[in-house]
Amino acid sequence: MLGEGIIKGLAETARNFVGSYVDKERLVTVQYPEERLPAKEAARNFPFLVFDGHDPHAGLRCVACQICEKECPPQCIYIEKSMDKKPDYVGKPQFYPKIFDIDISVCMSCQICVEVCPFEAIKMDTEFELSHTDRFAGLLFDKHQLAKSNEYYQKIHPNEAAEVDGHLAAEKAKAEVKAKADADAKARIAAAKTTTPPAAKPTPAPTS
Amino acid sequence: MIDAFDQIFVLLKHWALGWPFWPESLKPMLSVFLSIVPIMLVFALLFGITTVVERKAIGRIQNRYGPNRVGLPFTDVRLFGFGQFIADGIKALTKEDIVPRAADRVVHFLAPIALIVPVFLAYSVLPYGKNMAPIDMDTGVLFFFAVGAATELSVFMAGWSSRNKYSLLGAMRAIAQMISYEVPLIISTITVVMMVGSLSTVKIVEAQAEYSGQLPHWHVFTPWGLAGFILFLIAAMAESNRSPFDLPEGESEIVAGYFIEYSGFKFALFFLAEYLGMFAISGLAITLFLGGWTAPLAFLSWLPSWLWFFAKLLALISLFIWVRGTVPRLRMDQLMNFAWKFMLPMALINIAAAGLWFFLPAGFDRWAVCSAMLIVPYVLLGRGLMGGKLFTKRTYRYAE
């Protein structure tokens, strides 16, 4: 009969209306600034620089190789290489960025910088509340704003960070083994040098 | 004491008029002023609150929260979002008023005013309580429909002067819809006028202000009254451009209809007029069918009469919101078919039923005959309107 469907519809909406007050499960809205959803592992928006330890300068993994700067499609990264060198995580002296700027108003969150970085130095952040009253300077992040600790990285991307840490530890172990082997070899050579100088240096026979 | 509370607004007005420093010549003006200003304030406030309540209720229907943020400024007091309409009002007031270059500036400017004035005029004949009709006109109902019909002019002014095809389409839809639904609206009202024998809104309410036992003599409790009330309500929804009859502003096809080129406060005026029109026509529905300011049960008559009027008004507004949250928008041909092929015949049959009711002796037979007279055509017309089609779950031939 005419009107039946409307009555059914009215009953349905009334059920939803009352249900939303009775049953909290129905209200799926997350009231954002007070409540938030737990961050997703795969979430990403803008890159940041990882440093090890507690000192953002000493622990910064970036060696200012400028690959990311060259690869960045919207060219939002600006790097200036340092004049001097500082030891990296294995202790090898490396350059470091004197200036490392990312303009996040230009960044398109493509993650290419992360893909190309050979030093696991740049990673994607999940921080998204970055609005600012100054749309130029406020959105241009410098080295100090970008540098975030490895602990932070482990917190936002636990699985990925564990993989990276394992990889870096393996590298470091290999480097240490190599260094030790080198040192051993050097020591051996040195020892050989010190123990067998006469043999190594044959005295010229007086043959006249 | 109860009487004094019931008549508090009337007494207050007389008290204010009795101040000695008013010159005698100004008193009629002042009396009018004292009637108009409270109506404007109360209904403008009701409009604001209704916008928030509507958004909240529709949100709840869709299992959302709706607006719950805006409260008192500079504090954390949120008032469940009921500060929203004040913020909206301030925003509308401070927004830029844009007039299209090709628009007819004068008509474009006059359209919202030509809408809001008749809408407010319609309030002048509604009895808000005992002795609380601003004007007790002998032709109150006629006056109401006369000014109600004047709003169509403003709709077309807005649509025509904007020089926008969507605007014009919206206006033409609005006119077609309003004229089509005005016919069943007025014909369903005629039954009440026939029964009461007067066009005065005050007399119509007084005719319903009797009780047999506890039950009131409201018109809605008769077969012709119930049918008339439902027809009136549907036509009122269409008249006030409420969903499911909101084709004139159908967002999905013509953006915003006839007020697409309006911004800022002019747009707010259109919005206000739309809601005020809805309140006014609900007020008339209450007056005609729901006993105006009379209490629903005899022992509740001690509550002030204006309280009952506003309680009924809020109930009808809630019904309008509920329907809006339920029914999708009609198509233009469905709208017209419904008006001319269902509403109009039903309204005409209703007149005959009301006439029969008047002449038959009171009793069960009268109920049975009049109800049958309305239910049989309802079922038959409904079947005809659906065209013998059976609406089932839609099946797709290819996409399975």
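Residues within the reach of a label modelled at A:GLN111 (point 7 angstrom out along Cα to beta-carbon, backbone nitrogen below 20 Å), restricted to the stretch A:66-85, are A:67-77.
Stretch B:PHE364-B:GLU206 to full length: gain in nm at 0.36 nm per residue minus the Cα-Cα span? Can you show the working numbers first?
Values: separation 158, 0.36 × 158 = 56.88 nm, distance 2.51 nm.
Contour length minus the Cα-Cα distance gives 54.4 nm.
Can you sort B:MET336, B:MET157 so the residue with the fewest Cβ neighbours within 10 Å comes first?
Values: B:MET336 15, B:MET157 23.
With the fewest neighbours first, B:MET336, B:MET157 line up as B:MET336, B:MET157.
Relative to the first principal axis of the alpha-carbon coordinates of chain A, what is the inclination of helix A:4-22, with its axis defined by its Cα atoms, in degrees from 0 to 90 and to the nearest 10? Helix A:4-22 and the main axis of chain A meet at about 50 degrees.
In chain A, helical runs assigned H by DSSP with n ≥ 4 each contribute -39500 (n - 2.57); averaged across all residues and rounded to the nearest 500, the mean residue ellipticity at 222 nm is -12000 deg cm²/dmol.
Treat every Asp and Glu Cβ in the stretch A:47-157 as -1 and every Lys and Arg Cβ as +1, leave all other atoms uncharged, and give the resulting dipole magnitude about the Cα centre to the nearest 20 debye.
Working: 12 positive and 17 negative charges, 62 e Å.
Dipole size: approximately 300 debye.
Lys and Arg at +1, Asp and Glu at -1: add these up for the other residues within a Cβ distance under 12 Å of A:ILE102 and post the number. Write out the running numbers ahead of the final one.
Working: positive: A:LYS143; negative: A:GLU69, A:ASP101, A:ASP103, A:ASP125, A:ASP142.
For residues surrounding A:ILE102, the net value is -4.
Here's the picture: charge each Lys and Arg Cβ at +1 and each Asp and Glu Cβ at -1 in chain B, and of B:PRO184, B:LEU168, B:VAL202 the one pushed furthest to the positive end of that dipole is B:LEU168.
Given R0 = 51 Å, the distance between the Cβ atoms of A:GLN75 and A:ALA181 translates into a calculated FRET efficiency of 0.75. Counting Lys and Arg as +1 and Asp and Glu as -1, each charge on the Cβ, what is the dipole of the protein assembly as shown about the Cα centre in debye, to the nearest 20? In debye, rounded to 20, the protein assembly as shown gives about 1140. Computed about its Cα centre, the charge dipole of chain B is approximately 1200 debye, with only Lys, Arg, Asp and Glu carrying charge at their Cβ.
Of the listed pairs A:LYS85/A:LYS172; A:LYS92/A:LYS178; B:LYS203/B:LYS341, which have alpha-carbon separations greater than 21 Å here? Mind showing how you got there, number by number?
Details: A:LYS85/A:LYS172 19 Å; A:LYS92/A:LYS178 13 Å; B:LYS203/B:LYS341 33 Å.
In this structure, B:LYS203/B:LYS341 lie more than 21 Å apart at Cα.
Positive-end ranking of B:PRO67, B:ILE36, B:GLY83 along the dipole of the stretch B:1-85, with charges on Cβ about the Cα centre, is headed by B:PRO67. Against the compact-protein benchmark of 2.2 N^0.38 Å, the Cα-based radius of gyration of the stretch B:1-85 scales to 1.65. Separation of the stretch B:56-97 and the stretch B:275-304 by C-alpha centroid, Å? Their Cα centres are 29 Å away from one another. Mean Kyte-Doolittle of at least 0.5 plus a Cα span of 18 Å or more along the axis: flag which DSSP H helices in chain B meet both, please. Membrane-span-like by this rule: B:27-61, B:105-122, B:140-161, B:165-196, B:223-239, B:264-289, B:305-324, B:344-359, B:364-386. Counting Cβ atoms of other protein chains within 10 Å of each Cβ in A:4-11 and taking the mean gives 3. Any idea what angle helix A:158-195 forms with the longest principal axis of chain A, computed on alpha-carbon atoms, 0 to 90 degrees, nearest 10? Helix A:158-195 sits at roughly 0 degrees to that axis.
Modelled spin-label separation between A:ASP23 and A:ALA192, with each label point placed 7 Å from Cα along the Cα-to-Cβ direction: 8.3 nm. Over all pairs of different C-alpha atoms, chain B has a mean inverse distance whose reciprocal, the Kirkwood radius, equals 23.0 Å.
Every read-out reported here was derived from the displayed coordinates using simple, explicitly stated rules and does not represent laboratory data. Here the structure is a predicted model, which means the values were calculated and not measured. All Cβ positions, even for glycine, are placed from backbone atoms using ideal geometry, and neighbour counts span all protein chains on display.
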